[in-house]
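Working notes, beginning with the structure itself.
Read-outs throughout are calculated quantities, based only on the coordinates presented, and are distinct from any laboratory measurement. Please read these numbers as outputs of a predicted model, since none were measured by experiment. All Cβ positions, even for glycine, are placed from backbone atoms using ideal geometry, and neighbour counts span all protein chains on display.
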């Protein structure tokens with residue numbers, strides 16, 4: 001990038017380590033991009049080895065880590081129909097994990113879960129996943145104007161014949177928190193139930209209830 005009016009130049013590079021997917025399966029011809037009747041989603045880079053090399057007003061900013069890039073969109077403003085959603089992604093050992101749990105104003109749930117390893121998809125489906133916030137005083141679904149402190153999320157994925165996976169996303173810090181929206185960075189820990197537990201970096205968000213736009 002080269003944005004002289006902001007004093008920014010450099011590049012961000014991502015080398016994908018997990019195949020692309022839609023809400024209900026791998027990104028192949030004919031795969032649906034519809035998560036809900038009012039929301040579409042595609043995930044081009046569910047996980048990557050990322051490097052950042054920027055200069056900002058003459059100061060170098062350079063680091064490496066895990067990278068991610070997806071896109072969601074809608075034909076109109078979907079906020080009026082949204083109660084709350086929990087979305088996130090992370091890496092637990094060699095497992096790349098993405099979740100999306102959407103609750104509308106009629107308390108109907110649509111959800112998506114994705115697990116990949118060694119650049120191969122283990123599981124990708126829009127069923128068999130539950131996501132729940134946890135923390136002192138936290139209840140589900142979160143009521144309007146709740147004042148409990150969310151410490152993280154429990155993600156449980158039924159991968160059918162491949163078994164059940166469970167993960168805990170525990171927040172280190174909140175990085176965005178306007179009204180009705182929050183985003184955290186932290187640690188994702190878990191794996192196949194009955195197997196070893198792994199951990200790694202993660203980022204996730206909650207939209208709603210009571211989103212202000």
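Give the whole-number value, in cubic angstrom per residue, of the convex hull volume spanned by the C-alpha atoms of the chain.
Roughly 150 Å³ of hull volume per residue.
Kirkwood-based Rg over Rh for the stretch 110-213 (C-alpha set), two decimals?
Looking at the stretch 110-213, the ratio lands at 0.99.
Post the alpha-carbon centroid distance, the stretch 40-72 to the stretch 82-125, in whole angstrom.
One Cα centre to the other: 20 Å.
So between residue 196 and residue 69, what do we pick up on full extension, going 0.36 nm a residue minus the alpha carbon distance? Walk me through the numbers before you get to the answer.
Details: separation 127, 0.36 × 127 = 45.72 nm, distance 2.81 nm.
Gain in length upon complete extension: 42.9 nm.
For the pair residue 106 and residue 44, what calculated FRET efficiency results from E = 1/(1 + (r/R0)^6), where r is the Cβ-Cβ distance and R0 = 22 Å, to the nearest 0.05?
Between residue 44 and residue 106 the formula returns 0.10.
Multiplying the sequence separation of residue 27 and residue 56 by 0.36 nm and subtracting their Cα-Cα distance, what value in nm do you get?
6.9 nm
Can you tell me how the stretch 83-158 classifies by the Cα gyration tensor, rounded, prolate or oblate, using a/c under 1.5 as the rounded cut?
oblate
Obtain the nm distance between the two label points defined at residue 176 and residue 117 by a simple spin-label model: each point lies 7 Å from its Cα along the Cα-to-C-beta direction.
Rounded to a tenth, the inter-label distance reads 3.2 nm.
Assign one of three labels to the stretch 35-107, namely rounded, prolate or oblate, based on the Cα gyration tensor with a ≥ b ≥ c the square roots of its eigenvalues; rounded applies when a/c is under 1.5, prolate when it is not and a/b is larger than b/c, and oblate otherwise. Don't skip to the answer; put the middle values down first.
Details: a/c = 2.99, a/b = 1.83, b/c = 1.64.
Taking the square roots of the gyration eigenvalues as a ≥ b ≥ c, the stretch 35-107 is prolate.
If you stretched the chain out fully between residue 148 and residue 15, how much longer would it get, using 0.36 nm times the residue separation minus the C-alpha to C-alpha distance? Numbers along the way, then the final one.
Details: separation 133, 0.36 × 133 = 47.88 nm, distance 3.83 nm.
Computed gain between residue 148 and residue 15 is 44.0 nm.
Sorted from fewest to most neighbouring beta carbons within 10 Å, what does the list 120, 55 look like?
Ascending Cβ contact count within 10 Å gives the list 120, 55.
Can you classify the stretch 1-83 as rounded, prolate or oblate using the Cα gyration tensor, where a ≥ b ≥ c are the square roots of its eigenvalues, rounded means a/c under 1.5, and otherwise it's prolate if a/b beats b/c and oblate if not?
Numbers: a/c = 3.28, a/b = 1.71, b/c = 1.91.
Verdict is oblate for the stretch 1-83.
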